[in-house]
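This report refers to the structure that appears directly beneath it.
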Amino acid sequence: MRNVLRSLRQLRPALQRQDSVLFSVNVAEESPCHFGKSCHIHSLACRVVDHAETNFVKNHLFVTTTRALSTDAAKLTNRVTETSKAGPLVEYERRIASGELLEGDACQVDTLTELQRLYDELVESADACQLDRNSEKPVRSGWLWSRLLSHPSYSPVKGLYLYGGVGTGKTMLMDLFFYQLPSNWRKKRIHFHDFMLNVHSMLQKHKGLSDPLDVVAGEISDDATLLCLDEFMVTDVADALVLNRLFRHLFNKGIILVATSNRAPDSLYEGGLQRDLFLPFIAALKERCVVHEIGSSIDYRKLTSGEQGFYLVGGHLSGILKQQFQQLIGEGTATPQEVEVVMGRKLKVPLGANGCAYFPFEELCDRPLGAADYFGLFKKFHTLALEGIPIFGLHNKSAAHRFVTLVDVMYESKARLLCTADGSPQDLFEKVVTISEAKNMAPRTSSRSRKNDDSNLCVDNELGFAKDRTISRLTEINSREYLDHHAAMFSEKKERMDQNALEA
């Protein structure tokens, strides 16, 4: 392995751009986790500033954990074809050669090989796929276009559907692919929650047309030929009914889909209402995308170091939470505020100041709120103090679903969390199980004891599947690496605002 690394490092002068500056900090220490256990972490945190690709690398933190990996790193160079001068796998190799990343992950390298293949196909078929924004696309009118073109115009390139367990690097790998694509291409990268909110908003705007979904699909395809959706998941019946017809139109208009998900296509919306109407979408997805599983069993989010103090276990610690909140807002005075959401709706914030919002759990997750409200919240506030996260079970299943969505949006928005909770992230979801898990539970000898044990057991496939992702993200959100990254982003944003104020 040392010989492999030595060989790769010798390639560094040839691969490293002249306008790139590498900063690295080696961290190797034992730190107390907020769950009372000791975590021994050896990691390398690196930041690259590339003036030619500022949009990609600015403030982007890469964290890797060193581990042995047989000969996969040695095979990496051979995986990149002679015709591949750029792309996700090429960039991955460059980072290994420069010392940014020490070693590869076999499952991630296999996935990068698929992404590199797609990248090469897209570059070769860019004209046929009409990816260049500077090239003219036919002007579409929903009613007229559907009658002039009776046959679908599928893209000559199939997309890619990546799925695997939580924390296996799906989002990182897709971003590595997306930000290597030419900047003049019709491309869009968006979280699935955000994408569906936009779709429903556009449908509302075109309400009354004979086929508003066709018009919406036309607008989406005019803006982006390559659509990258992160965290593809379907839990809502309204989304399930829309997706089938929407993507039929999108695929017919030449859209290329790249998506990440925790679920295989056949498991999407499993057990959902009217799922039979959703099944044609699954068939179309498998027809228009190459399906690839990321088989890694490692949750890299849980390899980050714990930061004690932001995740407080115990309701009696609410006073400490309020003290921390006050320290963050400094000399500011927290007052009730309102946040613009969508379609004129507003979200009331009990207390807010200097980018920090304070909520009791009930006011944010025990009310009929959803992703749109949470996206609106984090567009205005970079930090959330959440008081009183409960243990979830049958009695508060709806609140659990909202909490999962809240954590997803918070993670996507790279926001910071301070909270008090009745247990560790694992404890919060201990009573939430999937149907298969419930069937495998050992029966009790006494029906009475079984009844007492299971009285608050929540058997819910979607929630039982999503809990691992939420536990993983709560762990990462409270890690030192995440908090340092958040602080760096916030500091630079403040400097830009101060600079703009001076120039004004």
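Label the range 191-258 by shape, choosing from rounded, prolate and oblate, from the square roots a ≥ b ≥ c of the eigenvalues of the Cα gyration tensor; if a/c is under 1.5 it is rounded, and otherwise prolate applies when a/b is larger than b/c, oblate when it is not.
It is oblate, given that a/c is not under 1.5 and a/b is not larger than b/c.
What's the ranking of 246-256, 331-341 by average number of surrounding C-beta atoms within 10 Å, highest first?
Working: 246-256: 21.4, 331-341: 13.2.
Per-residue Cβ counts within 10 Å, averaged per peptide and sorted highest first, yield 246-256, 331-341.
Summing Lys and Arg as +1 and Asp and Glu as -1 over all other residues whose Cβ lies under 12 Å from the Cβ of V123 gives a net charge of -3. Other residues within the sphere of radius under 10 Å centred on the Cβ of P280, judged by their own Cβ, net out at +1 (K and R +1, D and E -1).
If packing is taken as the average count of other Cβ atoms within 10 Å, what order do 460-466, 260-266, 200-206 fall into, highest mean first? Could the numbers behind the result be given before it?
Working: 460-466: 20.3, 260-266: 18.0, 200-206: 14.7.
With the highest mean Cβ count within 10 Å placed first, the list reads 460-466, 260-266, 200-206.
By the equivalent-ellipsoid construction on the alpha carbon gyration tensor, the range 343-421 comes out with semi-axes of 19, 14, 12 Å, ordered largest to smallest.
Treating only the Cβ atoms of Lys and Arg (+1) and Asp and Glu (-1) as charged, compute the dipole magnitude of the range 317-387 about its Cα centre; round to the nearest 20 debye.
160
Rounded to the nearest Hz, the phi-derived 3J(HN,Hα) couplings of the range 353-367 under the Karplus curve 6.51 cos²θ - 1.76 cosθ + 1.60 (θ = phi - 60°) are 5, 6, x, 10, 10, 10, 9, x, 3, 4, 6, 10, 10, 9, 10, where x marks glycine and proline.
Under a 5 Å amide H cut-off, with hydrogens placed 1.01 Å from N, Y161 pairs with A259, V290, V291, H292 among residues at least 5 apart or on other chains.
Read-outs throughout are calculated quantities, based only on the coordinates presented, and are distinct from any laboratory measurement. Just so we're clear, the structure is a prediction, and the values are computed from it rather than from any experiment. Positions of Cβ are backbone-derived with ideal geometry, glycine not excepted, and every protein chain shown enters the neighbour counts.
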